[in-house]
Ligand code: SF4
Ligand code: FES
């Protein structure tokens, strides 16, 4: 089985092809370890938990944003993938053919080396929405929540900050200041929490050209999320709340 991997050394990028000995239930991450151990110790990639928890191993595998530790080689061998490339103003369909497994770094972030991208812009946007309780929120005093209220935020709290959604987002591709799907989903996780008090302030943070209004509502983020977080629903939820807020304050 052949792995075609995009390399980058700080100056130029190219593709290397490696022959991998398949092992039962092998993940793409394990295949990368095999290449690194037996063929090229300089191959760089990021990982930590190996169990789809830390989000470190996000990359583009056969033209789809995936976690390497969660992607089974047997499931993607020989797959034909038609993707809509998010690059540039015009969406461009791309067809991945052939039996090689194609591994590339996560799009929309600057490559540092091989499959390692600089996550700083992603986490900067996360910090910009200030996703957390503040002193006067009831959560600080361990307020009780009903099961229904917990369910409203639970699916957003499941985010592991892997960045796959950001790497799949056409709006993030063309607008680097866009807060992005993960940050907006985290913002909604707090906004929708019954214990969170600073709701107007949160609305103001996301009500921007580079906030919820940049979203194309094409659901690419929902499609690739390994934890079934629906960032687009958070964004449309915010849009509804912003419109209501504006109507309420129109004649004040
Ligand atoms: S929303 Fe999903 S894809 Fe995006 S960072 Fe969170 S877990 Fe990853
Ligand atoms: S290594 Fe942690 S999510 Fe893949």
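Things to note:
- Neighbour counting of Cβ atoms within 10 Å sorts the residues 213, 14, 188, fewest neighbours leading, into 14, 213, 188.
- Estimated at 0.36 nm per residue, the fully extended path between residue 249 and residue 13 surpasses their Cα-Cα distance by 79.7 nm.
- Over the chain, dividing the summed -39,500 (n - 2.57) contributions of all DSSP H runs of at least 4 residues by the number of residues returns a 222 nm mean residue ellipticity of -10000 deg cm²/dmol.
- Whether segment 2-117 is rounded, prolate or oblate, judged on the alpha carbon gyration tensor where a/c under 1.5 counts as rounded: rounded
- The alpha carbons of segment 120-249 occupy a box of 40, 36, 25 Å along the principal axes, longest dimension given first.
- Remark: relative contact order (segment 105-252) = 26 percent; criterion is Cα-Cα distance under 8 angstrom and separation of 6 or more residues.
- Residue separation of residue 38 and residue 145 scaled by 0.36 nm, minus their Cα-Cα distance, works out to 33.3 nm of gained length.
- Cα-based equivalent ellipsoid, the chain: semi-axes from gyration tensor eigenvalues, Å: 37, 20, 15
- Compared with the direct C-alpha span, the chain from residue 133 to residue 94 gains 9.8 nm at full extension, assuming 0.36 nm per residue.
- Top of 153, 23, 222 by mean-square fluctuation, Gaussian network on the chain, Cα under 10 Å: 23
- Segments 129-136, 176-183 sorted - mean Cβ within 10 Å per residue, highest first: 176-183, 129-136
- Taking other Cβ atoms within 10 Å as a rough exposure proxy, 193, 154 sort from fewest to most as 154, 193.
- From least to most packed, judged by other beta carbons within 10 angstrom and beginning with the fewest, 114, 100, 37 follow the order 37, 100, 114.
The numbers here are math on the coordinates, done by the rules we state, and not lab data. The structure displayed is predicted, hence computed values, not measured ones. All Cβ positions, glycine included, derive from the backbone under ideal geometry; neighbour counts span all protein chains shown.
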